[in-house]
Amino acid sequence: MQIKAAVLEEFGQPLVVGDVDLAEPRSGEVLVRLVACGVCHTDLYTASGVDPSGYVPTVLGHEGGGVVEAIGRGVESLAVGDHVVTLFSPQCRECEHCRSGRTNICLAIREQQNKGYLPDGTTRLSRDGEPIRHFMGTSTFAEYTVMPEIALARVSQAAPLEAACLFACGLSTGLGAAIYTAGVRAGSTCVVFGAGMVGLGAVAGCRLQGAERIICVDLSAERLEMARAQGATEVWQAGPDIVERVQAETRGFGADYTFEATGRVDVMCQAVEAARMGWGLCTVAGVAGKGETLDVIPRWLIQGRRIAGSSFGGVKGRDQVPELIDRYLGGEIDVEPFISHRISLSQVNRAFELMEAQDGIRTVIAFS
Ligand SMILES: NC(=O)c1ccc[n+]([C@@H]2O[C@H](COP(=O)([O-])OP(=O)(O)OC[C@H]3O[C@@H](n4cnc5c(N)ncnc54)[C@H](O)[C@@H]3O)[C@@H](O)[C@H]2O)c1
Ligand SMILES: [Zn+2]
Ligand SMILES: [Zn+2]
């Protein structure tokens with residue numbers, strides 16, 4: 001079938017919205033009609049060309065929400081008409097990692113996905129017979145996409161897909177960092193660095209876990225107000241003195257849990273140092289620039305602080321994205337404030353401009 005999609009033709013250039021061909025789903029694959037798709041930093045990061053593993057041409061997009069239109073042979077967990085959220089982090093439920101409760105990083109299709117192919121090593125996307133590679137296994141800046149069954153979470157039909165799609169990446173990453181990676185205990189003191197989609201999700205996650213003090217740190221007063229609405233009990237202007245301030249306010253110990261959601265290595269250091277001696281856990285969700293390293297004095301660790309990295313918030317996508325969306329439907333998570341702009345697919349480059357201007361939390365593409 002012929003579909004409209006936003007193609008990254010050349011790094012550093014605007015995406016080109018035009019016609020591409022999409023082949024039918026093969027065995028274990030599903031055809032999804034996109035209804036909504038958030039625009040995330042990783043899309044911009046790849047489009048800019050600074051990601052060393054990037055490739056062109058490709059159809060970007062990974063925060064998709066849509067409806068199953070057709071299923072390939074052997075697909076049993078999904079049916080036509082189901083509402084789904086796309087998962088750049090799949091869950092096969094069979095590999096060594098999926099069977100372990102200790103990680104959400106599935107091993108099933110990693111290699112081919114990273115190269116831009118579906119699990120059988122080919123693409124369903126093409127133009128004039130030339131293959132176009134898939135991005136993050138999702139390629140959701142498109143009217144339709146074909147994805148592996150194991151990379152789709154079936155979610156409640158009661159959830160508007162423009163809200164559900166945010167659970168495909170940033171929001172689940174933040175919520176999950178607090179709920180699954182850190183497993184914040186009730187009554188804790190938490191510090192969240194960064195109040196973008198990920199940091200605000202982490203604030204909400206700390207609240208859901210019953211944290212007593214939730215301090216959010218950011219440069220933007222506007223974003224700090226949003227953090228307050230998500231459950232931050234204190235909001236602090238970012239600066240070089242944050243570690244001393246956390247210590248001063250915790251009898252010199254530091255916070256039980258800290259979260260880094262800025263992508264800056266200097267802030268990651270602050271997050272490590274602001275964690276409590278004895279048992280403080282620093283969860284790093286931000287993605288640092290190419291070649292950057294984290295410079296931590298070992299003494300901080302000897303004193304009992306720990307550092308955990310978190311990919312997609314430790315969320316096992318097919319099992320736990322539906323649970324998070326049920327909590328949203330139950331009124332526990334307020335998603336509406338995160339949707340700052342709604343655009344059409346043809347305006348996708350506008351979403352990148354808004355992101356660069358830090359205008360709003362998420363721009364969502366609404367497919368007609
Ligand atoms: N681990 C994952 O699976 C995963 C998934 C999605 C995004 N990410 C990463 O998470 C990070 C955050 O994503 P986002 O969408 O929320 O980004 P964002 O740019 O919207 O938010 C970052 C926030 O950090 C704030 N900030 C900048 N300097 C600061 C400082 N010195 N102290 C405190 N705050 C500061 C900014 O004002 C901004 O509000 C990015 O690095 C992104 O790539 C990771
Ligand atoms: Zn993302
Ligand atoms: Zn797996």
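What to note about this one:
- For Arg33 and Glu332, the difference between the fully extended length at 0.36 nm per residue and the C-alpha to C-alpha distance is 104.8 nm.
- Surface composition of the chain: carbon plus sulfur atoms contribute 48% of the solvent-accessible area (1.4 Å probe, protein chains only, all chains present).
- Per residue, the chain exposes 42 Å² of solvent-accessible protein surface, assessed with a 1.4 angstrom probe and all protein chains in place.
- Distance between modelled label sites at Glu353 and Tyr55, nm, 7 Å Cα→Cβ extension: 3.2 nm
- Helix runs (DSSP H) in the chain reaching 15 Å along axis by Cα, Kyte-Doolittle at least 1.0: 197-208
- Mean projection of the Cα convex hull over all viewing directions, computed for region 116-159: 3.9 nm².
- Separation of the Ser48 and Ala248 label points, Cα + 7 Å toward Cβ, nm: 3.4 nm
- Calculated mean residue ellipticity, 222 nm, the chain: -7000 deg cm²/dmol, from DSSP H runs (n ≥ 4) at -39500 (n - 2.57) each, averaged per residue and rounded to 500.
- Between the C-alpha center of region 150-205 and that of region 48-84 there is a gap of 20 Å.
- In a fully extended conformation the segment linking Ala23 and Glu9 would gain 3.0 nm over its present Cα-Cα distance, using 0.36 nm per residue.
- Ala288-Val67 FRET efficiency (beta carbon distance; Förster radius 25 Å; 0.05 resolution): 0.10
- Gyration tensor (alpha-carbon) shape descriptor, region 211-299, a/c threshold 1.5: oblate
- Using the Cβ-Cβ distance between Arg110 and Gln157 with R0 set to 41 Å, the FRET efficiency from 1/(1 + (r/R0)^6) comes to roughly 0.85.
- Extension gain, Ile302 to Glu222, is 25.0 nm, computed as 0.36 nm per intervening residue step minus the present C-alpha separation.
- For the chain, the square roots a ≥ b ≥ c of the C-alpha gyration tensor eigenvalues yield an a/c of 1.5 or more together with a/b exceeding b/c, which makes the shape prolate.
The values are calculated or read from the model by the stated rules, or taken from the named source; none is laboratory data. Computed from a predicted model, the values in this text were never measured in an experiment. Reconstructed Cβ throughout: ideal geometry from the backbone, glycine too, with neighbour counts over all protein chains shown. When the accessible area is computed, the model is the full protein with side chains, heavy atoms only, and any ligands, DNA or RNA have been set aside. Shrake-Rupley method; radii C 1.70, N 1.55, O 1.52, S 1.80 Å.
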